[in-house]
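Taken together, the values in this text are just the output of simple stated rules run on the coordinates, not laboratory data. Because the structure is predicted, anything quoted here is derived from the model rather than measured. All Cβ positions, even for glycine, are placed from backbone atoms using ideal geometry, and neighbour counts span all protein chains on display.
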């Protein structure tokens, strides 16, 4: 199974993969973000990954992660 650590953590917290937000920037993150309920990539991510996610940040790297966190907090 993909993301067994994530699955175990979510089970412990009584959450599902649909409750998870996955963020990545390269091909090795594709499977991970694809199983999460909300998939995100940062602005400097590979184009192929950007095409397959729910949201692409305007910021690159850590700035993109901060942008995502602020978006989630303000919309929650």
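The figures follow:
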read-out	value
Sorted peptide list for 41-47, 10-16, criterion being average Cβ within 10 angstrom, highest first	41-47, 10-16
Segment residue 4-residue 65, extension gain: residue separation times 0.36 nm, minus the distance between their alpha carbons	19.7 nm
Gain upon complete extension [residue 16, residue 48; 0.36 nm per residue less C-alpha separation]	8.9 nm
Nearest-ten-degree value, helix 61-75 long axis tilted from longest Cα axis of the chain	60
Whole-number Å³ per residue for the convex hull built on Cα positions in the chain	90
